[in-house]
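Chemist: If you scroll down you'll find the structure; I have some questions about it.
Every read-out reported here was derived from the displayed coordinates using simple, explicitly stated rules and does not represent laboratory data. These numbers were taken from a predicted model, which means no experiment stands behind them. Cβ placement follows ideal geometry from the backbone for every residue including glycine, while neighbour counts extend to all protein chains displayed.
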Amino acid sequence: MTNTENIFTFIDEKAGQEQGYYLDGVISACESWLSGKETPRVTGNVTKEEIRKGLQLAILKGMKQSAQPHHQMTPDAIGILVGYIASSLVRNQNDVTLLDPAAGTGNLLYTVMNSMDGTASASAVEIDDLLVRLAAVSADLLEQPIRFYVQDGLRPLLVDPVDLVISDLPVGYYPDDDNALNFEMMPTEGHAYSHHLFFEQSLNHLKPGGFGLFITTVNLFESDQSELLQKYLKRHAIIRAIIQLPDSLFRNVSHAKFILILQKPTEDMAAKSAPDVMLAKVPDMMDKNLMTQFFRKIDNWIEEM
Ligand code: SAM
C-alpha cells in the first residue's frame with residue numbers, strides 16, 4: 001500500500017470505531033496521531049502531499065455520509081492548477097502571506113501551500129465549526145502555519161493585508177442585509193450576492209499589487225447584478241485572467257466554475273490603462289502535451305507581467 005492509502009486506512013479504521021459522526025472520528029484519529037499515541041504505518045519520509053491526500057480521502061468519505069453534504073471540498077485537479085499559478089505569481093517572494101476567507105476543510109489552501117512549501121503562512125476563515133476543527137487538525141499534521149477564524153468571512157476580519165487571497169467561493173445570496181450594507185456591492189433592492197461581497201472583502205485585505213485567485217461561477221458576468229460587479233471591479237481591481245475549467249470536473253455543467261485572477265492595483269498601476277486580460281481554457285487534464293502547453297502559456301503570461 002502507498003503512504004496515502006496507509007494514512008487513509010489508519011484514519012478510516014479509527015473513525016469507524018468512534019460513536020457519532022464519522023467526521024468527528026476523523027478529528028479524534030488525527031488528534032491521536034498528533035499526540036503520538038497511535039500512528040499510521042508509513043514507509044520512508046512521508047510527504048505533506050501524501051498526508052493531505054490521505055486526509056482528503058477520509059474527509060470526502062465523511063462528507064458523503066453525513067453532516068456536510070452542502071460543503072463541497074475543492075477537487076484536487078483545481079487545487080493543483082491554483083497552486084501552480086499562485087506559486088508562480090510569488091516565485092521570487094519570501095514569507096508569502098495568504099488568506100482564504102471561505103476555507104472549508106482547507107484542502108484548497110493546503111494544496112496551494114504545499115506547492116510553495118516552507119515559504120508561506122496563512123489565515124483561514126470558515127463559518128462552519130466542524131470544518132474548522134477538521135482544517136485545524138489537518139494543518140497541524142501538515143505543519144503549515146495557519147491562523148483560523150471561525151466566523152462569517154464577510155464580517156470584519158482581524159487579518160493584516162496579504163500577498164495572495166485564494167478561495168473557492170460560496171455562490172448565492174448573502175442573507176445578512178445589515179452587514180451587506182457595509183459593502184459597495186450591496187444592491188439598492190434585494191440581497192447582495194455573497195460571492196460579490198467576498199471579492200470586495202478580499203480586495204480590502206490584499207496588499208497593493210497582491211493577487212486574488214477565485215474559483216467562481218461561470219455566469220458571474222451575466223447575472224442581474226453584474227453591472228454592479230463590473231463597476232466595482234473597474235474602480236478597485238485589475239482583471240488579470242479568466243481561466244475556464246474543463247466541464248468534466250463538474251458533475252453538472254450548470255455548476256461549472258472558472259478561475260478569476262484579480263490584482264489590487266498599486267498607485268502606479270491605477271494611473272495606467274488596464275493590461276489585457278489573459279483568457280485561457282484548461283485542456284483535457286489527462287493529455288500531458290496539452291497540459292505542458294497550457295502551463296507554458298501561464299509561465300509566459302507571468303513573465304510578461
Ligand atoms: N476550498 C474549500 C475546501 O477545499 O474545502 C471549499 C470551500 S466551499 C466551496 C465554500 C465554503 O464557504 C464552505 O465551506 C462554506 O461553509 C463556507 N462559507 C459560506 N458562507 C460563508 C461565510 N459567510 N463566511 C465564511 N465561510 C462561508
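Chemist: Run the dipole for the stretch 200-305 about the Cα centre, Lys and Arg Cβ at +1, Asp and Glu Cβ at -1, nothing else charged, and hand back the magnitude in debye, nearest 20.
Modeler: 140
Chemist: Still on this model: Cα gyration tensor of the stretch 18-84, axes a ≥ b ≥ c as square roots of the eigenvalues: rounded (a/c below 1.5), prolate (a/b > b/c) or oblate?
Modeler: The shape class here is oblate.
Chemist: A further question on this structure: Placing +1 at every Lys and Arg Cβ and -1 at every Asp and Glu Cβ, with all other atoms neutral, what dipole size does the chain have around its Cα centre, in debye to the nearest 20?
Modeler: 600
Chemist: Another question, then. Pull up the cross-link candidates among the lysines for K37, meaning alpha carbon to alpha carbon under 22 Å and not fewer than 8 places away within one chain.
Modeler: Excluding near neighbours in sequence, the set is K14, K48, K53.
Chemist: Give the long-range amide H neighbours of G210: residues separated by 5 or more places, or on another chain, with amide H under 5 Å away, using H modelled in the peptide plane at 1.01 Å from N.
Modeler: Here the answer is K264, since their amide H atoms fall under 5 Å of that of G210.
Chemist: Would you pull out the residues with amide H under 5 Å of L99's amide H, same chain only if 5 or more places away, H placed 1.01 Å from N?
Modeler: Here S123, L164, V165, I166 satisfy the definition.
Chemist: Please state the shape class of the chain: rounded when a/c is under 1.5, otherwise prolate if a/b exceeds b/c and oblate if not, all from the C-alpha gyration tensor.
Modeler: Judged from the Cα gyration tensor, the chain comes out prolate (a/c at least 1.5, a/b above b/c).
Chemist: What area, in nm² and to one decimal, does the C-alpha convex hull of the stretch 101-260 cast on average over all directions?
Modeler: Its average projected convex-hull area is 9.9 nm².
Chemist: HN-Hα J couplings of the stretch 240-247 from phi, Karplus 6.51/-1.76/1.60, θ = phi - 60°, integer Hz, Gly and Pro as x?
Modeler: Listing the rounded values in order: 8, 7, 10, 10, 7, 9, x, 4 Hz.
Chemist: Next up: Would you mind computing, in nm to one decimal, how far apart the modelled labels at V277 and D140 are, each placed 7 Å from Cα along Cα→Cβ?
Modeler: Using points 7 Å along Cα→Cβ, the separation is 4.4 nm.
Chemist: Over all directions, how big on average is the projection of the convex hull of the alpha-carbon atoms in the stretch 16-141, in square nanometres?
Modeler: Averaged projected area of the stretch 16-141's Cα convex hull equals 8.3 nm².
Chemist: Something else now. Could you give the angle, 0 to 90 degrees to the nearest 10, between helix 288-304's Cα long axis and the longest principal axis of the Cα atoms of the chain?
Modeler: The two axes meet at around 50 degrees.
Chemist: Using only helices, what value at 222 nm comes out for the chain when you add -39,500 (n - 2.57) per DSSP H run of length 4 or more and divide by the total residues, to the nearest 500 deg cm²/dmol?
Modeler: Working: 11 runs with 132 residues, N = 305.
Computed mean residue ellipticity for the chain: -13500 deg cm²/dmol.
Chemist: Towards the positive end of the charge dipole of the chain, with charges on Cβ (+1 Lys, Arg; -1 Asp, Glu), say which of Q225, A280, F10 has the farthest Cα.
Modeler: Toward the positive end, the furthest listed residue is A280.
Chemist: Hey, what do the phi angles of the stretch 45-55 turn into as Karplus ³J(HN,Hα) couplings, whole Hz, using 6.51/-1.76/1.60 and θ = phi - 60°, x for Gly and Pro?
Modeler: After applying 6.51 cos²θ - 1.76 cosθ + 1.60, I find 7, 6, 8, 5, 5, 5, 5, 4, 5, x, 4 Hz.
Chemist: Calculate one ³J(HN,Hα) per residue across the stretch 134-149 by plugging θ = phi - 60° into the Karplus curve 6.51 cos²θ - 1.76 cosθ + 1.60, and present them in order as whole Hz with x for glycine and proline.
Modeler: 5, 5, 5, 5, 5, 4, 5, 5, 7, 6, 9, x, 9, 9, 9, 10
Chemist: Where the only charges are on Cβ atoms (+1 Lys, Arg; -1 Asp, Glu), what is the dipole of the stretch 50-143 about its Cα centre, to the nearest 20 debye?
Modeler: Approximately 300 debye in magnitude.
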